[in-house]
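The structure appears below as structure tokens.
Please treat every number below as a calculation from the coordinates, not as lab data. Please read these numbers as outputs of a predicted model, since none were measured by experiment. Because the Cβ atoms are built from the backbone with ideal geometry, glycine has one as well, and the counts that use them run over all protein chains shown.
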Amino acid sequence: MFELTYFKDIIERNNVEKNEVLTTLTKIIASSIGSLTSSRRLTNTYKSNGNKELSVNTLISYLEYLEDAFLIEKVDRFDVKGKRYIKSLNKYYFSDLGLRNAILNFRQQEENHIMENIVYLELVRRGYNVDVGIVEIREKDTRKQLEVDFVCNQHNKRYYVQVALNLETREKTIQETRPFINIHDNFKKIVIVKDAIIPWITEEGIQVIGIIEFLLNPNSLDL
């Protein structure tokens, strides 16, 4: 499907001459879902694999081709406290994880990144505008940026969503919810875990639900 439908259409529609570049770039994106990246970083990764010179402008064009074909989706970063978008880095997710896995020959099955991609797709399917959240804090006279996996907006509603494999210990719970503790507003904060669990609330008032509950219950964000 990828070779005969997506790839063939992208090449013909955009008169792509460097087919091997497009193939390699797609594999690089597939192997880095859920990771912060930029066009310059992707260019350097392409070159570090022993490939020929590649301009940033060419790479940006190829990324746009993949987005226009609905193969990948770019998610921008949003500064929660500063209430502004940060354009230096972003994330890419695949619109179809089956195609992503096939492109990589079913290697790199990192559960946390795949879970993150699944949650992103479901949030978009439910009609939310989804960004990657950044929360800046000061710690020992230095500035640090904490990440919220997803900031979801729909009309006057907002949810902050974190994806984690589990919250086995109190220490792990504190680690995963640390960005939420530094967001001082009244919008709901949620952690989605892999385990099939009964929804519960942390000592800080943060909702924890299992991914199966999240996916099957259309009102799961309002439990």
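Values for this structure:
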item	result
³J(HN,Hα), Karplus 6.51/-1.76/1.60, whole Hz, each residue of segment 178-191, x for Gly, Pro	3, x, 4, 4, 9, 9, 9, 9, 9, 6, 5, 10, 9, 10
Sequence-distant aspartates and glutamates (8 or more away, or on other chains) whose Cα lies within less than 15 Å of K91	E64, E67, E73, D76, D79, E116, D131, E147, D149
All Cα pairs of segment 2-109, percent lying beyond 18 Å	49 percent
Local net charge near L215, Cβ-Cβ under 14 Å (Lys/Arg +1, Asp/Glu -1)	-1
Descending semi-axes in Å of the chain, equivalent ellipsoid built from Cα gyration tensor	33, 20, 16
Per-residue [θ]222 nm for the chain (sum of -39500 (n - 2.57) over DSSP H runs n ≥ 4, rounded to 500)	-11000 deg cm²/dmol
Burial ordering of S88, S32, S38, fewest other beta-carbon atoms within 10 Å first	S88, S38, S32
log10 of Debye I(q)/I(0), alpha-carbon scatterers only, for segment 125-222 at 0.11, 0.14, 0.16, 0.24 Å⁻¹	-0.32, -0.52, -0.68, -1.42
Ranked T142, T37, T5, criterion: other C-beta atoms within 10 Å, fewest first	T142, T5, T37
Neighbour net charge for R138 - beta-carbon separation under 13 angstrom, K R +1, D E -1	+1
Mean Cα-pair separation over length for segment 125-222, i.e. relative contact order, pairs under 8 Å, 6 or more apart, %	19 percent
